[in-house]
Amino acid sequence: MAFKITLSDDSKASLRKTFVYILYELRDGFAANNLYADVKNTLALISYNAEAHAFCEDKDLSARGIRKIHLKKHKYKFFYHITSDSEVWIDAFLHDKQDFETILK
């Protein structure tokens with residue numbers, strides 16, 4: 001059974017900001033398309049196997065059930081938690097260099 005995925009407003013804004021930067025600042029449609037495919041594939045992995053991904057190393061985040069998954073081809077991560085037997089909440093979409101522990105607390 002696939003989990004329904006719901007993105008937080010912050011994760012939507014982060015995705016939007018990332019794509020706008022790539023498309024309009026870097027002017028690289030090819031890179032944006034590659035990132036889009038990677039995001040789509042990663043969300044599918046979460047949807048079909050949400051329990052399989054690691055909890056965050058941070059004790060507070062782990063206690064809240066927050067898990068992470070790296071995109072396969074890009075230096076970004078999704079942070080999420082399972083809210084029910086059928087739903088996953090995406091808490092954040094962040095670049096690897098961002099301080100996720102501070103952002104998510």
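In this entry, K17 is excluded by the filter for residues that are touching a residue at least 12 places away in the same chain (Cβ under 8 Å) and over 29 Å from M1 (Cα atoms).
The criterion of being free of Cβ contacts under 8 Å to residues at least 40 places away in the same chain and touching an Asp or Glu at 6+ places or on another chain (Cβ under 6 Å) does not hold for L23. Residue check: is E51 assigned to a helix (DSSP H, G or I), surrounded by fewer than 14 Cβ atoms within 10 Å (Cβ to Cβ) and in contact with a helix residue (DSSP H, G or I) (Cβ under 9 Å, 6 or more places away or on another chain)? Here the answer is no, as E51 does not meet what is asked.
For region 84-105, the criterion of being surrounded by 13 or more Cβ atoms within 10 Å (Cβ to Cβ), in contact (Cβ under 8 Å) with a residue 24 or more places away in the chain, touching a strand residue (DSSP E or B) at 6+ places or on another chain (Cβ under 8 Å) and part of a loop (DSSP other than H, G, I, E, B) is met by none of the residues.
Is there a residue being in a helix (DSSP H, G or I), of a type in the set (G, A, S) and in contact with a helix residue (DSSP H, G or I) (Cβ under 8 Å, 6 or more places away or on another chain) anywhere in region 3-17? Within region 3-17 (the criterion being in a helix (DSSP H, G or I), of a type in the set (G, A, S) and in contact with a helix residue (DSSP H, G or I) (Cβ under 8 Å, 6 or more places away or on another chain)), the answer is no, since none of the residues qualifies. Considering region 40-62, and only residues there that are out of contact with any Phe, Trp or Tyr (no Cβ under 8 Å at 6 or more places or on another chain) and of a type in the set (A, V, I, L, M), the residue that is nearest to Y80 (Cα to Cα) turns out to be A54. Is it true that some residue in region 2-22 is modelled with pLDDT under 95 and not basic (K, R)? For region 2-22, residues modelled with pLDDT under 95 and not basic (K, R): present.
When region 56-72 is filtered for residues that are surrounded by 11 or more Cβ atoms within 10 Å (Cβ to Cβ) and either in contact (Cβ under 8 Å) with a residue 40 or more places away in the chain or over 13 Å from the mean Cα position of the chain (by Cα) (or both), the ones remaining, listed by number, are C56, D58, D60, L61, S62, R64, G65. Would region 60-69 turn up any residue that is of a type in the set (V, I, T) and part of a helix (DSSP H, G or I)? No, the conditions are met nowhere in region 60-69.
The values are calculated or read from the model by the stated rules, or taken from the named source; none is laboratory data. Keep in mind it's a predicted model, so treat the numbers as computed, not measured. Cβ: placed from backbone, ideal geometry, glycine included. Neighbour counts: every protein chain shown.
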